[in-house]
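The structure appears right after this line, and notes come after that.
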Amino acid sequence: MLCCSSADGNYEVTLMTKATVYCTGLVLWQPPAVYKSSCSIDVEFFPYDVQTCVLKLGSWTYDGFKVDLRHMDEKVGSNIVDVGVDLSEFYMSVEWDILEVPAVRNEKIYPCCDEPYLDITFNITMRRKTLFYTVNIIIPCMGISFLTVLTFYLPSDSGEKL
């Protein structure tokens with residue numbers, strides 16, 4: 001598994017992790033990995049903006065016949081999971097609120113190959129916390145603008161206008 005929208009060319013997985021073997025023959029190996037991804041930011045309504053970042057995970061080595069990639073909460077007959085990420089252990093950000101993280105399973109057949117290639121795409125929607133920007137940028141700018149307009153009420157012969 002790798003991040004198709006990766007911003008880091010060095011993909012490293014810790015291989016020195018143990019696998020869990022069940023009596024049914026199931027082998028579960030969950031190596032930790034860190035994915036770095038970039039997304040375009042729309043600052044038209046800054047600091048009252050909502051951003052959506054796309055994180056696409058899939059296999060470039062194995063096709064859909066060898067690895068059937070599915071989300072663990074995916075319902076039968078549906079490729080969409082409304083809550084695609086468990087945020088119970090997420091460390092809350094001081095700058096962003098996460099609104100939603102739906103997951104979509106995509107299946108694509110390329111012209112070169114007969115096999116489908118699968119990926120799971122997470123659409124991470126975040127809203128910027130605006131209190132810091134309102135208190136430290138917007139209110140002081142509005143105050144300075146208001147005081148600038150008041151300087152026109154000073155008499156022209158007084159030296160306070162300078």
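A few comments on the model shown:
- Unique match (being closer than 20 Å to residue 51 by Cα and modelled with pLDDT of 90 or more) among 135, 101, 149, 83: 101
- Residue identified as under 24 Å from residue 28 (Cβ atoms), among the small types (Gly, Ala, Ser) and either in contact with a Phe, Trp or Tyr (Cβ under 9 Å, 6 or more places away or on another chain) or without any contact (Cβ under 8 Å) to a residue 12 or more places away in the chain (or both) among 77, 64: 64
- Subset tally (residues that are more than 16 Å from residue 3 (Cα to Cα) and either exposed (fewer than 12 other Cβ atoms within 10 Å of the Cβ) or more than 11 Å from the chain's Cα centre (by Cα) (or both)) for region 51-66: 3
- The set of residues in region 33-55 being closer than 18 Å to residue 129 by Cα, of a type in the set (Val, Ile, Thr) and in a strand (DSSP E or B) consists of 50, 52.
A quick yes/no check of all residues on (1) surrounded by 10 or more Cβ atoms within 10 Å (Cβ to Cβ); (2) over 22 Å from residue 35 (Cβ atoms); (3) of a type in the set (A, V, I, L, M, F, W, C):
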residue: 101; (1), (2), (3): yes, no, yes
residue: 105; (1), (2), (3): yes, no, no
residue: 108; (1), (2), (3): yes, no, no
residue: 119; (1), (2), (3): yes, no, no
residue: 126; (1), (2), (3): yes, no, yes
residue: 138; (1), (2), (3): yes, yes, yes
residue: 142; (1), (2), (3): yes, yes, yes
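- The set of residues in region 111-131 being over 30 Å from residue 60 (Cα atoms) and either basic (Lys, Arg) or free of Cβ contacts under 8 Å to residues at least 12 places away in the same chain (or both) consists of 127, 128, 129, 131.
The values are calculated or read from the model by the stated rules, or taken from the named source; none is laboratory data. Not measured: the values here are computed from a predicted model. Every residue, glycine among them, receives a Cβ derived from its backbone with ideal geometry; neighbour counts consider all protein chains shown.
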